[in-house]
């Protein structure tokens, strides 16, 4: 009998603390990534423009997807949290660079984030099991 879910990534740390989250989880043909904030090493990236922070987030998502055998083309849904409404245009420009053709469905909301960053993105990918 196949496992109900498959967890990817080792312990997820922030500022030296182990967080109770999985980097990514496969459930059937879907892969769910934990919300990604811009990070420099083990710390949130608290400086930089929305464009810089979005680029770091998208590169992290791309790398995590590669770890589970997926690409950005497999992303079917993105959920976005922005700290400020004025950041949407800059976020959207960079996000579009990573998803230039057939972008995923997407929701975006304004929110006070738990760490001092400008953006958080969570994605769901679809890649059928062989």
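The values are calculated or read from the model by the stated rules, or taken from the named source; none is laboratory data. Not measured: the values here are computed from a predicted model. Cβ: placed from backbone, ideal geometry, glycine included. Neighbour counts: every protein chain shown.
The conditions of being without any contact (Cβ under 8 Å) to a residue 24 or more places away in the chain and either touching a helix residue (DSSP H, G or I) at 6+ places or on another chain (Cβ under 9 Å) or surrounded by 15 or more Cβ atoms within 10 Å (Cβ to Cβ) (or both) are not met by residue 64. If we keep just the residues of the stretch 100-116 that are under 20 Å from residue 64 (Cα atoms) and in contact with a strand residue (DSSP E or B) (Cβ under 7 Å, 6 or more places away or on another chain), which is surrounded by the most Cβ atoms within 10 Å (Cβ to Cβ)? So, considering only residues that are under 20 Å from residue 64 (Cα atoms) and in contact with a strand residue (DSSP E or B) (Cβ under 7 Å, 6 or more places away or on another chain), the one surrounded by the most Cβ atoms within 10 Å (Cβ to Cβ) is 104. Taken as a whole, the condition of being surrounded by 11 or more Cβ atoms within 10 Å (Cβ to Cβ) and either touching a strand residue (DSSP E or B) at 6+ places or on another chain (Cβ under 6 Å) or free of Cβ contacts under 8 Å to residues at least 24 places away in the same chain (or both) does not apply to residue 94.
Scan the stretch 77-91 and give yes if some residue there is modelled with pLDDT under 95, part of a strand (DSSP E or B) and closer than 30 Å to residue 4 by Cβ, otherwise no. No, there is no match, as no residue in the stretch 77-91 is modelled with pLDDT under 95, part of a strand (DSSP E or B) and closer than 30 Å to residue 4 by Cβ.
So that you can scan it fast, the table gives a plain yes or no per residue for (1) more than 27 Å from residue 105 (Cβ to Cβ); (2) under 13 Å from the mean Cα position of the chain (by Cα); (3) surrounded by 16 or more Cβ atoms within 10 Å (Cβ to Cβ):
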{"site": "27", "(1), (2), (3)": "no, no, no"}
{"site": "33", "(1), (2), (3)": "no, yes, yes"}
{"site": "46", "(1), (2), (3)": "yes, no, no"}
{"site": "72", "(1), (2), (3)": "no, yes, yes"}
{"site": "75", "(1), (2), (3)": "no, yes, yes"}
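Restricting the search to the stretch 107-130, which residues are closer than 18 Å to residue 28 by Cβ and in a loop (DSSP other than H, G, I, E, B)? 127, 128, 129, 130, listed by residue number.
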